[in-house]
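The structure appears right after this line, and notes come after that.
The values are calculated or read from the model by the stated rules, or taken from the named source; none is laboratory data. All of these numbers come straight from a predicted model, not from anything done at the bench. All Cβ positions, even for glycine, are placed from backbone atoms using ideal geometry, and neighbour counts span all protein chains on display.
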Amino acid sequence: MDLKKSFDEPGAARQRAALVVSALKQNLEQSLIGQSAVINDVLTALLAAGHVLLEGVPGLGKTLLVRALARAIGGAFARIQFTPDLMPSDVTGHAVYDNQSGEFKLRKGPVFTNLLLADEINRAPAKTQAALLEVMQEHQVTLEGRALPVPQPFMVLATQNPIEQEGTYPLPEAELDRFMLKLQMDYPDAAGELQMVQQVTRSAKADMLEVTEQTAILQASDLITLQQIASQMPLDEQVMDYAVRIARATRSWPGLLLGAGPRASIALVCCGRARALLRGGDFVLPDDIKACAPAVLRHRVRLSPELDIEGLSADQVLASLLEQVPAPRL
């Protein structure tokens, strides 16, 4: 489908884009069974040009999802396994002395790609995690005083295990805020797990699903066009005000010690537009904003010690907040 050809016609462009995104979603669901909600959220971040922090216990297919997505969009893919001894230069790159020329040459690190998987990101210390701060926000890396842009589109998908705490380092607030969404991957339902077991046990590799048979649905340049179409989805001023009111409410909500900053307001609007395109809509609804809110806000707020002791989660507090912030009627 020629997305660029119809880009000047907003209605036609949105229809074509919705078909492409639907095909992309179906492609991913063939590889990652029983995780439709997570796939929806990852595609939302992809269309909104944001980064994703994916949290879940081992064996749910977090890495498989990223590999399948990279193959489906036809972009360059790199993986970094974060470990306690990983250095910042292992992420961004470094200068290497060349004996033949007698000069230092820059060796680019794995961040120079379209889709970067930061696996078990919380296993590396803060100085290594901080190597991602610049590239996530500015899409460039400064090496030896030179600012080098990374290829476009660029997306970081980081995974972490919420259960195992030994040998892990909590992500600093500045880095958490750069992730557009924090997703929580749960166990598949019974039917999905049965289908997964049937498919895996037929595979040549005993305990993993294959993605080598997947075909690319689009190219990296097409994805940039999709992101442009998503960014221009019609959005009523009342809906934008609703997104801002949700983010601002977290700053004074009872039980929240730390509220979400302006990046949350921006992320709510961007994700709302992406979600509207994902469902094939013509404009953004308040429900699109509301559906994205938990994933946008859960890592940007901090519970007060009293609620933490009571065992309440950020999602429970946010659910109460979303019920009480009035949505506009369009």
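Could we say that Thr128 is within 24 Å of Thr63 (Cα to Cα) and modelled with pLDDT under 90 here? Working first, answer last.
On the way: within 24 Å of Thr63 (Cα to Cα): yes; modelled with pLDDT under 90: yes.
Against the criterion (within 24 Å of Thr63 (Cα to Cα) and modelled with pLDDT under 90), Thr128 qualifies.
Find all pairs meeting these conditions: Cβ atoms under 8 angstrom apart; at least six residues apart or on different chains; first residue within the stretch 181-196 and not assigned by TED's automatic domain parsing to the domain that holds Leu53 and surrounded by 13 or more Cβ atoms within 10 Å (Cβ to Cβ); second residue among the charged types (D, E, K, R) and not in a loop (DSSP other than H, G, I, E, B).
none
Quick check on the stretch 53-108: of everything there that is hydrophobic (A, V, I, L, M, F, W, C) and in contact with a Pro (Cβ under 9 Å, 6 or more places away or on another chain), which residue is surrounded by the fewest Cβ atoms within 10 Å (Cβ to Cβ)?
Our first condition is that a residue be hydrophobic (A, V, I, L, M, F, W, C); within the stretch 53-108, this holds for 53-54, 57, 60, 64-66, 68-70, 72-73, 76-78, 80, 82, 86-87, 91, 95-96, 104, 106.
Remaining after also requiring in contact with a Pro (Cβ under 9 Å, 6 or more places away or on another chain): 57, 60, 73, 76, 78, 80, 86, 91.
Working: Val57: 13, Leu60: 20, Ile73: 24, Ala76: 16, Ala78: 15, Ile80: 23, Leu86: 18, Val91: 23.
By that ranking, first place goes to Val57.
Within the stretch 141-162, track down each residue that is among the aliphatic types (A, V, I, L, M) and within 25 Å of Val38 (Cα to Cα). Let's see the steps before the verdict.
The initial filter retains those residues of the stretch 141-162 that are among the aliphatic types (A, V, I, L, M), namely 141, 143, 147-148, 150, 155-158.
Residues satisfying the conditions are Met155, Val156, Leu157, Ala158.
When the stretch 224-246 is examined, which residues are found to be assigned to a helix (DSSP H, G or I) and touching a Gly at 6+ places or on another chain (Cβ under 8 Å)? So that I can check it myself, show each step before the final result.
Looking only at the stretch 224-246, we keep the residues that are assigned to a helix (DSSP H, G or I), and these are 224-231, 237-246.
Across the stretch 224-246, the qualifying residues are Val239, Ala243.
Determine which member of the set Gln26, Gln30 is of a type in the set (S, T, N, Q) and touching a residue at least 60 places away in the same chain (Cβ under 8 Å). Break it down stepwise before answering.
Working: Gln26 fails: touching a residue at least 60 places away in the same chain (Cβ under 8 Å).
Step by step, each of Gln26, Gln30 is checked, and only Gln30 is of a type in the set (S, T, N, Q) and touching a residue at least 60 places away in the same chain (Cβ under 8 Å).
Within the stretch 259-296, which residues are touching a strand residue (DSSP E or B) at 6+ places or on another chain (Cβ under 8 Å) and farther than 18 Å from Asp236 by Cβ?
Selection gives Ala267, Ala295, Val296.
Restrict the check to the stretch 64-80 and report whether at least one residue is within 18 Å of the chain's Cα centre (by Cα), on the phi > 0 side of the Ramachandran plot and modelled with pLDDT under 90. Lay out the reasoning, then the answer.
Step one: of the stretch 64-80, the residues within 18 Å of the chain's Cα centre (by Cα) are 64-80.
Adding the requirement that they be on the phi > 0 side of the Ramachandran plot leaves 74.
From the residues that got through so far, the ones that are modelled with pLDDT under 90 too are 74.
For the stretch 64-80, residues within 18 Å of the chain's Cα centre (by Cα), on the phi > 0 side of the Ramachandran plot and modelled with pLDDT under 90: present.
Against the condition among the polar types (S, T, N, Q) and under 21 Å from Cys292 (Cβ atoms), how does Thr44 come out, does it pass? Lay out the reasoning, then the answer.
Working: among the polar types (S, T, N, Q): yes; under 21 Å from Cys292 (Cβ atoms): yes.
Answer is yes for this residue.
Taking the stretch 120-149 as the search range and keeping residues that are acidic (Asp, Glu) and within 15 Å of Leu176 (Cα to Cα), which one is nearest to the chain's Cα centre (by Cα)? Give the steps one after another, and end with the answer.
Looking only at the stretch 120-149, we keep the residues that are acidic (Asp, Glu), and these are 120, 134, 138, 144.
From what's left, within 15 Å of Leu176 (Cα to Cα): 120, 134.
Details: Glu120: 15, Glu134: 17 Å.
Taking the candidates together, the pick is Glu120.
Restrict the check to the stretch 286-300 and report whether at least one residue is among the hydrophobic types (A, V, I, L, M, F, W, C) and more than 27 Å from Ile73 (Cα to Cα).
Initial filter on the stretch 286-300 (among the hydrophobic types (A, V, I, L, M, F, W, C)): 289, 291-293, 295-297.
Among the residues that remain, those that are also more than 27 Å from Ile73 (Cα to Cα) are: 297.
Checking the stretch 286-300: at least one residue is among the hydrophobic types (A, V, I, L, M, F, W, C) and more than 27 Å from Ile73 (Cα to Cα).
Can you list the helices (runs of 4 or more DSSP H) found entirely within the stretch 113-178 that contain at least 2 residues being crowded, with 18+ Cβ neighbours inside 10 Å? Spell out the reasoning first.
Numbers: elements: 126-129, 133-138, 173-176.
Passing ranges, in order: 126-129, 133-138.
Take the residues in the stretch 45-63 that are at pLDDT below 80 and among the aliphatic types (A, V, I, L, M); name whichever of them is farthest from Thr215 (Cα to Cα).
Checking each candidate, the answer is Val57.
Assuming Ile266 fulfils every condition listed in (1) touching a residue at least 12 places away in the same chain (Cβ under 8 Å); (2) out of contact with any Ser or Thr (no Cβ under 7 Å at 6 or more places or on another chain); (3) under 23 Å from Gln137 (Cβ atoms) apart from one, which condition is it?
Result: Ile266 passes all but (1).
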